[in-house]
Number of protein chains: 2
Amino acid sequence: MLTQAEDRQAKIVELLRERNFVDIRTLTERFDISVATVRRDLGELEEAGLLRRTHGGAVNLNQVALDATNAARLVWKQTEKAAIAAVVAGMVVDGDTVLLDAGTTALEVAKKLTGRSRLTFISNGLDIVAELTRVDGQSIYSVGGEYTETNRSFRGPLAEQFIRQFNVDKLILNAASIDVDRGLICTVSPVNASVARAMIEVSRRVIVVADHSKFTKSSLSVVAKIEDVGVIVTDSGTKSIIDAAPEKLRKKFVIAN
Amino acid sequence: MLTQAEDRQAKIVELLRERNFVDIRTLTERFDISVATVRRDLGELEEAGLLRRTHGGAVNLNQVALDATNAARLVWKQTEKAAIAAVVAGMVVDGDTVLLDAGTTALEVAKKLTGRSRLTFISNGLDIVAELTRVDGQSIYSVGGEYTETNRSFRGPLAEQFIRQFNVDKLILNAASIDVDRGLICTVSPVNASVARAMIEVSRRVIVVADHSKFTKSSLSVVAKIEDVGVIVTDSGTKSIIDAAPEKLRKKFVIAN
DNA sequence: TGGGGAATGATCGAAAACGATCATTTTTGT
DNA sequence: ACAAAAATGATCGTTTTCGATCATTCCCCA
């Protein structure tokens with residue numbers, strides 16, 4: 001179980017991986033905490049070698065120095081995500097058309113797939129599209145729609161309609177939470193859920209990505225039943241939960257390490 | 001030919017791509033220049049969208065790596081473009097819906113408009129959308145479509161169809177070349193031209209932006225007649241060309257300085 | 001070679017961020 | 001339920017950085 005502070009610090013590191021830089025004001029507003037707390041957080045994270053402080057904020061490090069203290073726990077999630085991404089990347093074959101849902105785990109997948117040959121990418125995530133453009137000669141489609149700040153994605157009815165014009169091989173779908181008991185994959189808002197369902201409709205195979213933290217929280221809107229997706233790729237922290245699930249659902253899960 | 005300053009600025013961008021962050025002291029020592037010059041360099045490079053300044057230094061942006069000469073070229077003509085952008089920004093009133101065509105000049109306009117109240121933005125330019133997201137709470141729509149490397153935009157039939165669903169107040173249209181003799185606004189490819197025409201169709205007022213270099217070259221595809229657009233905003237380098245134009249066309253031009 | 005414009009450096013007060021300290025709130029363990 | 005411990009917020013003077021202005025140097029070209 002992560003404390004509130006650890007959770008916040010993990011989110012800071014995550015945020016930094018996307019943006020490369022965050023200023024202190026942004027952090028105080030996003031987490032609704034004082035500058036003193038932000039400074040303490042950044043101080044600890046710098047101490048742990050997870051970022052570098054600057055005047056007024058912090059920047060991402062390109063290489064993560066692994067340390068066996070509580071730094072390890074924070075890096076853990078990142079490592080897990082990379083592991084999940086590696087497994088998913090292995091499921092994609094040359095020539096595939098891949099639809100990437102906005103989200104940090106899907107972003108990791110994009111990083112792994114960038115440069116692979118003869119792939120076609122579609123995504124509604126701003127950072128994912130930007131990441132894909134780092135290598136020339138890729139075939140990339142961006143989903144149009146209304147920009148939303150929370151996960152830096154394009155969504156809404158325009159996005160849904162746009163997505164429905166495609167027919168893709170693989171969907172990499174982000175889940176905000178997974179309720180194994182009720183067999184449901186959920187997300188934070190009806191708008192997100194609606195876009196997600198459109199994505200599922202146009203995809204031959206649905207690959208859901210979710211690190212272990214997604215299994216112990218709940219979120220508002222139902223996206224799909226677990227039994228209706230192809231596979232859910234997660235990390236080893238979810239093992240006990242999956243073992244307790246009924247046989248029928250259990251075979252849907254793939255654990256990455 | 002690169003001047004010493006341009007060379008230095010290109011090196012700064014290069015350095016930033018390696019390290020993600022450089023502080024001002026490092027730069028003063030490496031290039032043996034004063035902090036004042038470093039600040040000026042960083043200021044210009046930020047204007048050009050090549051980095052983001054922080055207190056005490058600068059951070060890399062998540063974008064495609066531009067080679068050094070390309071970076072220097074972006075900084076070039078910055079003043080003209082900024083002047084054009086300022087004039088265009090003045091034409092936009094609060095509450096407007098603004099459609100921004102991909103291109104560096106339109107990007108300048110976006111920078112000027114970011115943070116203005118009650119505006120709604122639509123753009124097919126990746127960097128423009130990214131720029132707009134820097135301020136929270138804006139209403140932003142991204143045009144979906146196939147990504148193209150040349151001007152980092154989304155285009156093609158999907159983009160056209162997407163655009164046709166809107167009805168906007170002002171279009172900021174980028175021109176690859178303007179032929180005053182024949183009275184034509186042109187762009188580099190039929191695909192671009194087709195998207196541009198879709199944009200024109202859905203816009204109440206068309207504002208074309210073009211620095212003086214656009215008047216002495218020619219490009220493949222016709223977008224529109226000069227007489228059919230609302231206004232063309234350019235810089236003072238175009239004065240002699242415009243003075244030679246027939247009365248009817250001349251009144252279409254606005255010169256920024 | 002000398003004049004003029006651009007680039008650079010130096011200096012200043014103002015603004016921002018800093019770290020340290022202490023008060024307050026929240027969490028934890030018994 | 002209570003006390004100890006941890007986390008957080010507020011405030012202080014100090015340090016750093018900023019932007020603007022002006023002086024100086026460099027460079028181009030007539």
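Does A:LYS170 qualify as being surrounded by fewer than 17 Cβ atoms within 10 Å (Cβ to Cβ), among the charged types (D, E, K, R) and out of contact with any helix residue (DSSP H, G or I) (no Cβ under 6 Å at 6 or more places or on another chain)? Answer is no for this residue. Here B:ILE241 clears all of (1) under 19 Å from B:VAL88 (Cβ atoms); (2) among the aliphatic types (A, V, I, L, M); (3) part of a helix (DSSP H, G or I) except the condition numbered (1).
Can you find, within segment A:32-59, the residue that is farthest from DNA strand C (Cβ to nearest atom) among those that are in contact with a Lys or Arg (Cβ under 6 Å, 6 or more places away or on another chain) and aliphatic (A, V, I, L, M)?
Looking only at segment A:32-59, we keep the residues that are in contact with a Lys or Arg (Cβ under 6 Å, 6 or more places away or on another chain), and these are A:42, A:46, A:59.
Filter again for aliphatic (A, V, I, L, M), leaving A:42, A:59.
On the way: A:LEU42: 8, A:VAL59: 12 Å.
Among them, the one singled out is A:VAL59.
The set of residues in segment A:17-52 being in contact with a helix residue (DSSP H, G or I) (Cβ under 9 Å, 6 or more places away or on another chain) and aliphatic (A, V, I, L, M) consists of A:VAL22, A:ILE24, A:LEU27, A:ILE33, A:VAL35, A:VAL38, A:LEU42, A:LEU45, A:ALA48, A:LEU50, A:LEU51. Looking at A:LEU249, A:LEU158, just one residue is open to solvent by 20 Å² or more (accessible area, probe 1.4 Å) and either assigned by TED's automatic domain parsing to the domain that holds A:ALA85 or over 19 Å from A:VAL92 (Cα atoms) (or both), and that residue is A:LEU158. The residue that is farthest from the other protein chains (Cβ to nearest Cβ), among those in segment B:125-146 that are open to solvent by 20 Å² or more (accessible area, probe 1.4 Å) and within 11 Å of A:ALA130 (Cα to Cα), is B:ASP127. Of the residues that make up segment B:153-164, is at least one in contact with a helix residue (DSSP H, G or I) (Cβ under 6 Å, 6 or more places away or on another chain) and within 20 Å of B:VAL233 (Cβ to Cβ)? Looking for residues that are in contact with a helix residue (DSSP H, G or I) (Cβ under 6 Å, 6 or more places away or on another chain) and within 20 Å of B:VAL233 (Cβ to Cβ), one finds none in segment B:153-164, hence no. Just to be sure, is A:ALA82 assigned by TED's automatic domain parsing to the domain that holds A:ILE122, modelled with pLDDT under 85, in a helix (DSSP H, G or I) and more than 16 Å from DNA strand D (Cβ to nearest atom)? Judged against the criteria, A:ALA82 is a match.
Going by what's in this entry, would B:ALA102 be described as open to solvent by less than 30 Å² (accessible area, probe 1.4 Å) and either assigned by TED's automatic domain parsing to the domain that holds B:GLN9 or assigned to a loop (DSSP other than H, G, I, E, B) (or both)? Even if it seems obvious, please write down each step before you answer.
Values: open to solvent by less than 30 Å² (accessible area, probe 1.4 Å): yes; either assigned by TED's automatic domain parsing to the domain that holds B:GLN9 or assigned to a loop (DSSP other than H, G, I, E, B) (or both): yes.
Against the criterion (open to solvent by less than 30 Å² (accessible area, probe 1.4 Å) and either assigned by TED's automatic domain parsing to the domain that holds B:GLN9 or assigned to a loop (DSSP other than H, G, I, E, B) (or both)), B:ALA102 qualifies.
Of the residues examined, A:GLU29 is not one that is without any contact (Cβ under 8 Å) to a residue 24 or more places away in the chain, within 11 Å of DNA strand C (Cβ to nearest atom), surrounded by fewer than 16 Cβ atoms within 10 Å (Cβ to Cβ) and under 20 Å from B:THR54 (Cβ atoms). When B:ALA193, B:ALA130, B:ALA198 are checked against the criterion of being in the same structural domain as B:ILE241 (by TED's automatic domain parsing) and under 16 Å from the mean Cα position of the chain (by Cα), a single residue qualifies: B:ALA130.
Given B:PHE162, B:PHE166, B:PHE154, which one is within 12 Å of chain A (Cβ to nearest Cβ), in a loop (DSSP other than H, G, I, E, B) and farther than 20 Å from B:SER117 by Cα?
Within the list B:PHE162, B:PHE166, B:PHE154, the selection yields B:PHE166.
The values are calculated or read from the model by the stated rules, or taken from the named source; none is laboratory data. Quick caveat, the model's predicted, so the values are computed rather than measured. Don't worry about glycine lacking a Cβ; one is built from the backbone with ideal geometry, like all the others, and counts go over all protein chains shown. To get the accessible areas, we keep the full protein, side chains included, count just its heavy atoms, and leave off ligands, DNA and RNA. Shrake-Rupley method; radii C 1.70, N 1.55, O 1.52, S 1.80 Å.
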